[in-house]
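Trainee: I have a structure here, written as structure tokens, and I will follow up with some questions on it.
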Amino acid sequence: MTGAGEPEDTAREPLSGAADELEREKFAFDWGDLPLVTPEAPGCGGVIRTVPEDFRVTELPAYLPEGSGSHRYLLIEKRDLTTRDLVQALRRAGVEQSSIGVAGLKDKAAVTVQWLSLPKRYGEAVSELLALPGVRLLEESYHRNKLGIGHLRGNRFEVTVQGVDDGGALRAGAVLDRLAGIGSPNWFGPQRFGRFGGNAFDGLRVVRGERVPGGHYLQRFFVAALQSLLFNAMLAERVERGWYTTVVNGDWARKHDTGGTFLVADETAEAPRAARLEISATLPLHGRKVKPSEGKAGAVESLVLERYGLRWAQFGARRGDRRSTRVVLSGTSVSQVGTALTLGFDLPKGAYATAVLREVMKVDVDAPFEAPTEAAGGGDGLAVGDGEDAD
């Protein structure tokens with residue numbers, strides 16, 4: 001899934017000529033550009049999101065409210081609404097934008113459960129929120145601090161795939177077991193790139209210094225989409241080279257249990273830990289605070305930048321980050337009733353369920369999106385950083 005709350009394409013200035021169209025295609029998201037990591041395992045097929053109830057997401061919080069403090073915490077279930085819809089309802093009730101806290105941005109085409117916070121003095125605003133169709137208050141408490149983006153461990157997904165034939169549960173279970181062993185690829189999913197997959201092209205125009213409609217926050221999201229496209233391209237190159245389940249010299253590897261990173265100087269010595277999914281390579285989300293890798297890892301980073309005609313220095317306006325190539329998939333379950341197959345799994349924050357579903361179903365998995373707005377791009381205060389939550 002999902003990078004809910006992310007913006008789509010906005011109206012663009014007319015492109016000039018066939019060359020611009022070809023370049024735009026080059027920077028468009030396409031699942032076909034990204035290799036499968038379980039190509040040997042047959043998929044279950046089917047379709048998702050026939051109704052919102054087919055896609056259920058529950059936040060796994062980093063902490064629970066203590067029961068006292070200056071901020072009111074609300075555990076909200078919403079159906080067919082974005083996180084931004086909840087925030088807008090509170091704004092209509094007079095809550096200051098900067099005072100509203102959320103841990104993650106959730107999709108519209110789903111039933112999702114998430115915490116949000118607001119100062120205790122805005123108690124009457126809760127009724128405005130609960131007046132939204134499809135909203136239920138599950139729990140209410142208090143805490144000493146505002147909830148912030150990224151204040152969650154991950155998300156629990158329960159996804160119903162419709163139109164699956166007999167044997168689908170066995171096929172799906174085999175793929176989930178395989179992913180639990182080797183890790184799920186940490187692709188940025190299609191939600192990141194807009195309805196027509198073109199946000200990265202606008203990001204290219206921004207880093208080139210061209211005029212792109214939209215304010216500062218929306219332009220930040222466009223550049224983030226470009227960073228994401230490059231990440232996907234680097235990960236795809238590593239998969240094609242047979243490096244998915246290992247690390248190479250020059251990698252900055254990340255420990256899955258602690259999040260600590262270290263430089264790989266001896267790939268042979270570190271390979272067993274990578275094979276056990278204790279560590280994974282990280283790849284850059286280009287920015288001024290992230291240094292290029294050296295050795296074999298750095299060669300892939302340079303190759304991809306050259307392929308897209310870009311330079312690291314063009315991302316100087318972004319802080320940058322590093323993102324793991326794989327994530328740990330846990331809590332897997334499979335059940336089938338007739339042609340409806342329900343999959344359950346947990347993912348850490350920032351990971352897209354669509355990456356898992358594509359491996360299980362062996363079809364390109366996309367999601368419907370809202371019409372774009374300036375606010376959806378972060379002007380409403382929901383902007384997040386280089387390593388934002390993508391749940």
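Trainee: Given springs between every Cα pair under 10 Å in a Gaussian network model of the chain, which of 162, 191, 227 has the largest fluctuation?
Mentor: 162
Trainee: Out of 170, 357, 118, any idea which swings most in a Gaussian network model of the chain, alpha carbons joined below 10 Å?
Mentor: Between 170, 357, 118, it is 170 that shows the largest mean-square fluctuation.
Trainee: Compute the relative contact order of the chain as a whole-number percentage, counting only Cα pairs closer than 8 Å that sit 6 or more residues apart in sequence. Provide the component values of the computation, followed by the final result.
Mentor: Values: 861 pairs, mean separation 101.3, N = 391.
Across the chain, relative contact order equals 26 percent.
Trainee: On to the next question. Could you rank the peptides 265-277, 171-183 by their average count of other C-beta atoms within 10 Å per residue, with the highest value first?
Mentor: Details: 265-277: 14.5, 171-183: 19.5.
Descending packing order for the listed peptides: 171-183, 265-277.
Trainee: Another question, if that's okay. What FRET efficiency do you get for residue 216 and residue 92 if R0 is 25 Å and r is their Cβ-Cβ distance, rounded to the nearest 0.05?
Mentor: Working: r = 24 Å, r/R0 = 0.98.
It comes to 0.55.
Trainee: I want to verify the translational diffusion coefficient of the range 228-369 in µm²/s; compute it with Stokes-Einstein, Rh as the Kirkwood radius over Cα pairs, at 25 °C and 0.890 mPa s.
Mentor: Working: Rh = 16.7 Å.
For the chosen part, D equals 147 µm²/s.
Trainee: Among 190, 104, 73, which residue has its Cα furthest toward the positive end of the charge dipole of the chain, with +1 on Lys/Arg Cβ and -1 on Asp/Glu Cβ?
Mentor: 73
Trainee: Where the only charges are on Cβ atoms (+1 Lys, Arg; -1 Asp, Glu), what is the dipole of the chain about its Cα centre, to the nearest 20 debye? Write out the running numbers ahead of the final one.
Mentor: Working: 48 positive and 53 negative charges, 211 e Å.
Its charge dipole is roughly 1020 debye.
Trainee: Follow-up. Distance from a point 7 Å along Cα→Cβ of residue 166 to each backbone N in the range 43-77: keep the residues under 12 Å and list them by number.
Mentor: Correct set: none at all.
Trainee: Which of the peptides 282-291, 237-246 is most tightly packed, and how do the rest follow, going by the mean number of other Cβ atoms within 10 Å of each residue? Write down the numbers at each step before the final one.
Mentor: Numbers: 282-291: 20.0, 237-246: 16.8.
Ranking, from highest mean packing down: 282-291, 237-246.
Trainee: Classify the range 39-102 as rounded, prolate or oblate from the Cα gyration tensor: take a ≥ b ≥ c as the square roots of its eigenvalues, call it rounded if a/c is under 1.5, otherwise prolate when a/b beats b/c and oblate if not.
Mentor: On the way: a/c = 3.43, a/b = 1.96, b/c = 1.75.
Because a/c hits 1.5 or more and a/b exceeds b/c, the range 39-102 counts as prolate.
Trainee: Taking a spot 7 Å from the Cα of residue 182 along the direction of its beta carbon, which residues of the range 306-332 have an amide N less than 20 Å from it?
Mentor: Under 20 Å, as judged by backbone N against the label point of residue 182, lie 324-332 of the range 306-332.
Trainee: Rounded to the nearest 500, what is the 222 nm mean residue ellipticity of the chain from helices alone, with -39500 (n - 2.57) per DSSP H run of 4+ residues and division by all residues?
Mentor: One gets -8500 deg cm²/dmol as the mean residue ellipticity at 222 nm.
Trainee: Sort the range 223-312 into rounded, prolate or oblate with this rule: let a ≥ b ≥ c be the square roots of the eigenvalues of the Cα gyration tensor; rounded if a/c is under 1.5, and if a/c is not under 1.5, prolate when a/b is larger than b/c, oblate otherwise.
Mentor: It comes out prolate by the Cα gyration axes.
Trainee: Is the shape of the range 153-283 rounded, prolate or oblate, going by the alpha carbon gyration tensor and its root eigenvalues a ≥ b ≥ c, with a/c under 1.5 for rounded and a/b larger than b/c for prolate? Mind dumping the intermediate values first?
Mentor: Values: a/c = 2.35, a/b = 1.22, b/c = 1.93.
Oblate shape, in that a/c is at least 1.5 and b/c is the bigger or equal ratio.
Trainee: Got a sec? Charge dipole of the range 224-380, +1 on Cβ for Lys and Arg, -1 for Asp and Glu; which of 275, 286, 344 is way out at the positive end?
Mentor: Toward the positive end, the furthest listed residue is 286.
Trainee: Which order do the peptides 322-330, 67-75 come out in when sorted by mean C-beta neighbours inside 10 angstrom, highest first? Walk me through the intermediate numbers first.
Mentor: On the way: 322-330: 21.6, 67-75: 16.6.
Output ranking for 322-330, 67-75: 322-330, 67-75.
Trainee: If Lys and Arg each add +1 and Asp and Glu each add -1, what is the summed charge of the other residues whose beta carbon sits under 13 Å from the beta carbon of residue 272?
Mentor: Numbers: positive: 273, 276; negative: 266, 267, 270, 278.
That works out to -2.
Trainee: Could you pull out every whole DSSP H run in the chain that spans at least 20 Å of Cα extent along its own axis and averages 0.0 or higher on the Kyte-Doolittle scale?
Mentor: Span-like helices here: 168-182, 216-240.
Trainee: Between residue 144 and residue 66, what length comes free when the chain is fully extended (0.36 nm per residue of separation minus the Cα-Cα distance, one decimal in nm)?
Mentor: Working: separation 78, 0.36 × 78 = 28.08 nm, distance 0.78 nm.
That pair, residue 144 and residue 66, stretches by 27.3 nm at full extension.
Trainee: Most mobile of 228, 302, 127 per a Gaussian network model of the chain (Cα springs, under 10 Å)?
Mentor: 127
Trainee: Can you work out the FRET efficiency for the pair residue 208 and residue 299, with r the C-beta to C-beta distance and R0 = 30 Å, to the nearest 0.05? Don't skip to the end; give the middle numbers.
Mentor: Numbers: r = 25 Å, r/R0 = 0.84.
Efficiency for this residue pair is about 0.75.
Trainee: Dipole size in debye (nearest 20) for the range 259-344 around its Cα centre, Lys and Arg Cβ +1, Asp and Glu Cβ -1? Let's see the in-between values first.
Mentor: Numbers: 13 positive and 8 negative charges, 87 e Å.
That gives a dipole near 420 debye.
Trainee: log10 I(q)/I(0), Debye, Cα-only the chain, no solvent, q = 0.07, 0.10, 0.13, 0.15 Å⁻¹?
Mentor: -0.32, -0.66, -1.12, -1.42
A short reminder: the numbers here are calculations on the coordinates, not readings from a lab. None of these values were measured; they are calculated from a predicted model. Neighbour counts are summed over all protein chains in view; Cβ atoms, including those assigned to glycine, are modelled from backbone coordinates with ideal geometry.
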